[in-house]
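The values are calculated or read from the model by the stated rules, or taken from the named source; none is laboratory data. This structure is a prediction, so every number in the text was calculated from the model and none was measured. Cβ placement follows ideal geometry from the backbone for every residue including glycine, while neighbour counts extend to all protein chains displayed. Accessible surface areas use protein heavy atoms only, side chains included; no ligands, DNA or RNA. Shrake-Rupley method; radii C 1.70, N 1.55, O 1.52, S 1.80 Å.
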Amino acid sequence: MSESETRTAPVERTTQELQDRQYDVREIEARWQDFWEQDGTFVVDEGGDRERRYVCDMFPYPSGDLHMGHAEAFAIGDVPARYWRLRGYDVLHPIGWDSFGLPAENAAIKNDAHPAEWTYANIDTQAGSFKRYAISTDWTRRLHTSDPEYYRWTQWLFLSLYERGLAYRKDSPVNWCPKDQTVLANEQVVDGACERCHTLVVKKSLNQWYFRITDYADRLLDDMDDLADRWPERVLAMQRNWIGRSQGASVRFEIAPADGGAEVDPVEVFTTRPDTLYGCTFMVVAADAQLARDLVTEERAPELEEYRRRLGSVSDIERQAADREKTGVFLGRYALHPLTGDRLPLWASDYVLADYGTGAVMAVPAHDQRDIEFARAMDLPIRTVVRTDEEDPAVTGTATSGDGVLIDSPAWEGLGRDEAVARAVEVLTAQGTGEAATNYRLRDWLVSRQRFWGAPIPIVHCEDCGEVPVPTDQLPVTLPDDLRGEQLAPKGRSPLAAADAWGAVPCPSCGAAAQRDTDTMDTFVDSSWYYLRYLSPGDEDQMFDPEAARRWMPVDQYVGGVEHAILHLLYSRFITKVLFDMELVSVEEPFRALLNQGQVLNGGRAMSKSLGNGVDLGEQLDAYGVDAVRLTMVFASPPEDDVDWADVSPSGASKFLARAWRLAQDVTSEVGTDPADGAAGLRAVTHRTVSEAEQLLDDQKFNVVIARTMELVNAVRKEIDSGAGGADPAVREAVGVVAQLLSLVAPYTAEDMWWLLGRKASVANSAWLTVDPSLLVEDTVTAVVQVRGKLRDRLEVPADIDAEELERRALELPKIRKYIEADGGVRKVIVREPKLVNVVTG
Ligand code: ANZ
Ligand code: ZN
């Protein structure tokens, strides 16, 4: 027994005291929490030369204390972190808080306080709970996005994008939440309502800051190929759909001069079906687009304005619904068909969206359902140009969108879709009226918010110089700390706009009196890069240390809820690509693998206040202990499935843990005894368990690992009670493995077991058992089967097969069945396991 292997623990105890101890959750929680903290067990060894793994949990928002959802997610995320540590990797597993955002501000308004008070009080509470919950995190790297030391670099990031032309300001109709009095990103509008307060969103024209994420659309799409199999397919599908790349053509339509109307530019459309060009019988522009106003004749203008007023708050999804009643206004003008010169009436309607494609469509009613409904409502012609096996749309009123052959399209007659698309693009290109085009659903990322509790946009507006970036040595632009309560209430503009003293600054460029930008950044900007800040959290000279990024990135395992399938993950991927282009990181994707944990339900439904089915995490921890709750979470189901708290048994988990713990108490052999001298059967079980666990952990079947651990516990208990007892060195080996496997989910119990075994803490950094392949080979023997004493067949069976199983297998043998039948059935079976079965017949 080497010196370094012996027990070092916070309290030394005599053997007798150890024997008398009971499994006491409270006692072991207190003891080991202190120990890990003082020992720095989970502090990363930056100088180490072992292979590295980076496990990152999506960081929490500090709303109150931790809840059951956190408990599940973090229990799951801790499994790979702890496992890889046991496998000898240097593991980085940090924690921080996404601590800017609206709830803090609303609480401050209500309580006449500053948002920081609420925020940091909650962070303290959560941090305490996290420590108790024993997540294996490196606390020295803790960060909060609302700290000036952090948001200084969020502002630096903004300026970097600005410098590269990736941050810009424009006037545009934006989603405005009348209740929260702020703009929302497209992503934050759900079914036409504010994601947070469910108030119907309206459009408002405002001057806003955007990040040019659309420049990265192709890379964001194409690089997803590398994430296949390591990200959930549904997340990739959602991102693909959100980016929404469509291939097609741009087509320009000349506008016929109108009586008394001004000359207008040709109208360009984006279409995915240039092959249907001959079927275009009218055109429609988005009623709320400027284009509609540019096109409308004077006579028709009042009608258009009236229509626009009514449009107000209808969501994009509703607007495009096929079964929605089609409405619109004739603009009094005609476009000219680029191939036939036909006059096509120009309409404005709400079913065409202002900010998709060009905000105008060539309507092909025969082959587009929305167009045909509009055509029927407005009595416009329908011209079928693709013959499919469906009935003629001009007759049925239902558009056909399937493949077929082109008809009624001079020079394209008889062509299939792909050929016709190619031909159309050729003709349009030659004519100069169109070309092949790609269109995206993705819009630029609207990042400015008229709220207080966020990172101020580091721009100064000067009469003479215009937009002037705040020089980086003047960062951070800190929030004023003297605004509180009512002063933060939304009044249609940013609360910062009311802080005159704060906003008035000299222009960094010319020195004249100027104004700070009074908007703050979307909190998704804060969270788009935090996983990089963990790499050098105290860094005062840079956003993060590129050297550390080379060592640690990408994150090997990212863990979090599927609710972030689009926003946060898309933004983080975008920002990583920008930083790659700036040569600050060497990877183009931040998260190599993604795990979306399921939800915690109660009685089949998500926990909620209104249903009154919430379960308080603190109460569960008090009742059953941390380990039992964590074990229950992980054992309940595969990590990506939901856990229903009504169907699980934390008290059962607690009993199991006590049973496992007592095994360690029963071990009486010395540290260092050779397990090879112990029971071979138990050793085989131990090594098989470890070998299977390795595969299961790689496959993220964490719940099955726990089931295997339970089986191992049973096998050890049997061995202790019936074999050589606690003195058998094979028992010591097995209990060591139980402790290591349990340490993945029940760290307190595992650590205490390790200590009972006389080993040096911490089990978290102990050496993983090297599987002995010779022990995995199952021993088999040849059994002979007799019928009426005569040898009739043989079979291979495990050496430890029981009598019942051997009899069953013997009687199933086809040859034996034949003899039995011939002899008039079984009278009696004599079994001498594992080698002999004799069937008496007649
Ligand atoms: C003619 C046509 C014929 C179309 C046909 C479809 C079928 P995705 O795939 O989503 O990109 N479109 C273009 N801009 C629009 C806008 N701002 N609002 C509403 N609809 C718009 O869809 C592209 C198709 O959606 C385009 O192709 C256009 O209609 C319509 F048999 O053009 B199509
Ligand atoms: Zn100036």
Using beta carbons and a limit of 9 Å, which pairs, at least six apart or on different chains, have the first residue in segment 447-458 and more than 20 Å from W156 (Cβ to Cβ) and the second one assigned to a strand (DSSP E or B)?
-> Q450/T182; Q450/V183; Q450/L206; Q450/T520; R451/T182; R451/T520; F452/T520
Please name all residue pairs, on different chains or six or more residues apart, with Cβ atoms under 8 Å, provided the first residue is in segment 398-414 and is closer than 20 Å to Q369 by Cβ and hydroxyl-bearing (S, T, Y) and the second residue is assigned to a loop (DSSP other than H, G, I, E, B) and within 14 Å of ligand 1 (Cβ to nearest atom).
-> T398/E390; T400/T384; T400/T388; T400/E390; S401/D368
Return yes when V763 is surrounded by fewer than 23 Cβ atoms within 10 Å (Cβ to Cβ), modelled with pLDDT of 95 or more and in contact with a Ser or Thr (Cβ under 7 Å, 6 or more places away or on another chain) and no when it is not.
-> no
Meets criteria (modelled with pLDDT of 95 or more, open to solvent by less than 10 Å² (accessible area, probe 1.4 Å) and among the β-branched types (V, I, T)) for T576 = yes
Which one is farthest from Y351 (Cα to Cα), of the residues in segment 385-398 that are surrounded by fewer than 22 Cβ atoms within 10 Å (Cβ to Cβ) and under 45 Å from the mean Cα position of the chain (by Cα)?
-> D389
Can you pull out the residues in segment 406-440 that are surrounded by 17 or more Cβ atoms within 10 Å (Cβ to Cβ) and not in a helix (DSSP H, G or I)?
-> L406, S409, W412, L415, T433, G434, A437, N439, Y440
Checking G332 against (1) closer than 17 Å to I255 by Cα; (2) within 14 Å of ligand 1 (Cβ to nearest atom), the condition it does not meet | (2)
State whether the residues of segment 485-494 include one that is among the acidic types (D, E) and touching a Lys or Arg at 6+ places or on another chain (Cβ under 8 Å).
-> no
If we scan segment 545-566, do we find a residue that is touching a residue at least 60 places away in the same chain (Cβ under 8 Å) and of a type in the set (S, T, N, Q)?
-> yes
Please determine, by comparing only the residues of segment 358-370 that are in a helix (DSSP H, G or I) and open to solvent by 10 Å² or more (accessible area, probe 1.4 Å), which one is nearest to ligand 1 (Cβ to nearest atom).
-> H367
Within segment 654-703, work out how many residues are surrounded by fewer than 17 Cβ atoms within 10 Å (Cβ to Cβ), β-branched (V, I, T) and more than 15 Å from A724 (Cβ to Cβ).
-> 1
Could you tell me which of the residues D482, D526, D522 is more than 30 Å from T272 (Cα to Cα) and more than 33 Å from the chain's Cα centre (by Cα)?
-> D482
Restricting to segment 194-212, what's the tally of residues that are assigned to a strand (DSSP E or B), open to solvent by less than 20 Å² (accessible area, probe 1.4 Å) and over 20 Å from A455 (Cα atoms)?
-> 1
